[in-house]
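This report refers to the structure that appears directly beneath it.
The values are calculated or read from the model by the stated rules, or taken from the named source; none is laboratory data. Treat the numbers as computed from the prediction; the structure is a model and nothing was measured. In this analysis, Cβ positions are derived from the backbone assuming ideal geometry, glycine residues included, and neighbour counts consider all displayed protein chains. Surface areas here come from the heavy atoms of the whole protein model, side chains and all, with no ligands, DNA or RNA. Shrake-Rupley method; radii C 1.70, N 1.55, O 1.52, S 1.80 Å.
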Number of protein chains: 2
Amino acid sequence: MVNYQESLNRTFAALVDPTRRAILARLEREGSASVSALAEPFTIKLPAVMKHLDVLDDAGLITRSKTGRTVTVGLRPEPMREAVDWLRRYERFWSKSLDRLAAFAESKEIEATKRTGKP
Amino acid sequence: MVNYQESLNRTFAALVDPTRRAILARLEREGSASVSALAEPFTIKLPAVMKHLDVLDDAGLITRSKTGRTVTVGLRPEPMREAVDWLRRYERFWSKSLDRLAAFAESKEIEATKRTGKP
């Protein structure tokens, strides 16, 4: 249970920063990328990007492998599953508002049918 | 877009702490609760709980209303929807592993059918 909580702490902490989210989003699209390619779109310096990669690595969200002088970063999305599962319990609130919206649309339709006689 | 990113930053930052997650989970179950009732299960002192409530409030995840001397805390889950939507793009990785699992189970079933002649 402690491990589960600590793992959630680390996952959410990793997701707090928009640069780290952008790195994860890019890995989701491209599968894997070199550190220098990942750093390229950002205005921050390479060492700052490396620190973000350390945080993602500590959270178990990426893998890093070295071939010669190139470090390739890959996505390891599993910890995000726990985060989604944790957040899912709140989904019923959104479905509730969708239900209300559907009920409202339906009542408007009935009103219109009564007025015009046409469904 | 900046507002969207900032809102995600605040939501994920609010979810980093297990005490704040426990408060949100309780509000999900009970609808609303007084500050003193929320603080009761924790070993931390009331001012520390109040600080956690401030963080949740800043992230737009709770509402607070005062009646006499009692502050009632309610859940405002909407910002979590953005967080779930952000995380959802990684779902295909989990479904992939489920697909692999299903394929594995199916191959085992075919094997067993071949061996025993019974499906």
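Only one entry of B:ARG21, B:ARG10, B:ARG26 meets the criterion of being at pLDDT 95 or above, closer than 23 Å to A:THR19 by Cβ and either in a helix (DSSP H, G or I) or open to solvent by less than 70 Å² (accessible area, probe 1.4 Å) (or both), and that entry is B:ARG10. All of A:THR11, A:THR19, A:THR63 fail the test of being within 24 Å of A:TRP86 (Cα to Cα) and in contact with a His (Cβ under 6 Å, 6 or more places away or on another chain), apart from A:THR19.
Only residues that are modelled with pLDDT of 95 or more and surrounded by 11 or more Cβ atoms within 10 Å (Cβ to Cβ) were counted in the range B:57-70, giving 8.
Report yes if some residue within the range B:48-56 is under 16 Å from B:GLU82 (Cβ atoms), open to solvent by less than 30 Å² (accessible area, probe 1.4 Å) and within 10 Å of chain A (Cβ to nearest Cβ); otherwise report no. So far as the range B:48-56 goes, no, none of its residues is under 16 Å from B:GLU82 (Cβ atoms), open to solvent by less than 30 Å² (accessible area, probe 1.4 Å) and within 10 Å of chain A (Cβ to nearest Cβ).
Among the candidates A:SER65, A:SER36, A:SER32, which residue alone is more than 16 Å from the chain's Cα centre (by Cα) and within 14 Å of another protein chain (Cβ to nearest Cβ)? Sole residue among the options that is more than 16 Å from the chain's Cα centre (by Cα) and within 14 Å of another protein chain (Cβ to nearest Cβ): A:SER32. Pairs are defined by a Cβ separation below 6 Å, a sequence spacing of at least 6 or placement on different chains, a first member in the range A:25-36 that is under 17 Å from A:MET50 (Cβ atoms), and a second member that is not aliphatic (A, V, I, L, M); the pairs so defined are A:SER32/A:THR72; A:SER32/A:GLY74; A:SER34/A:THR70; A:SER34/A:THR72. Scanning the range B:42-98 for residues being touching a residue at least 60 places away in the same chain (Cβ under 8 Å) and of a type in the set (Gly, Ala, Ser) gives a total of 1.
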